[in-house]
Amino acid sequence: STISALRDKLLPLLFALEKHINYEKTWADYLASPKKILIFSMDTSFEKQGKKLLDILLASLYFYHIKHKYTNIWLCIDEIYDQNLKEDGAINMIFTQGRKSRINIIGATQGFQLSRSDEWTTLNNAKTKIFFKPLSTSISDVMKELNIPQSQRSIFANMQQRECIISSELYSKKEKNNIPAIVRGMVPKKFASLRDVIPPSIDVTCFDIVLP
């Protein structure tokens, strides 16, 4: 039955967490913190149960956020390929439904591989993709994703530190609408707002930049 299947999945996780559960803080405490960035790391003892644990944390945060209407929340997940990216998982739920509730995910991974798997379907829900210099084994898949001909492979092979390529929908001054676009640029050495990076003579709300 469904209940038996759910029990069989949860029991190993609960046994692993038995000595580590801490009820001293709730999401209300964390979200009320004056710190703008909160970092959560998984103990190595949770490695095998990490996906299930993160799913539980993300789902509980998502539903808490919806109920209490906090301001924008951005979740940054490192090595997102190692997490549960199934269609019924919490990450996919936030990717597909989170924007209207002002909760978003930034996922990072060293490798990039196109596939027809559920994992790729989930990651493809990301509206904006940012590529730094990819691994040599990933360059071909990145080029296919961006629809860039193989003759321009050197663009990726010769990328420098902080250089990136962004694929997203950006506002077109000409079309007066959001259109798919690919932008190439450099990440500032120090944090700066967009208006400080782009010269004042350029309207920072309008982009018509295409990768050559």
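The values are calculated or read from the model by the stated rules, or taken from the named source; none is laboratory data. Note that the coordinates shown come from a computational prediction; the quantities given were computed from them, not determined experimentally. FYI the Cβ positions are ideal-geometry reconstructions off the backbone, even for glycines, and counts take in every protein chain you see.
Worth a mention:
- Screening region 91-163 for helices (runs of 4 or more DSSP H) wholly inside it with 3 or more residues that are in contact with a Phe, Trp or Tyr (Cβ under 6 Å, 6 or more places away or on another chain) and under 19 Å from Asp78 (Cβ atoms) returns no ranges.
- Test set (1) free of Cβ contacts under 8 Å to residues at least 12 places away in the same chain; (2) more than 19 Å from the chain's Cα centre (by Cα); (3) more than 19 Å from Val183 (Cβ to Cβ) - Gln97 fails condition number: (2)
- Residue match in region 34-42 (condition: more than 24 Å from Phe95 (Cβ to Cβ) and modelled with pLDDT of 75 or more): yes
- Filter result (under 19 Å from Asn158 (Cβ atoms) and surrounded by fewer than 17 Cβ atoms within 10 Å (Cβ to Cβ)) within region 118-140: Ile130, Phe132, Leu135, Ser136, Thr137, Ser140
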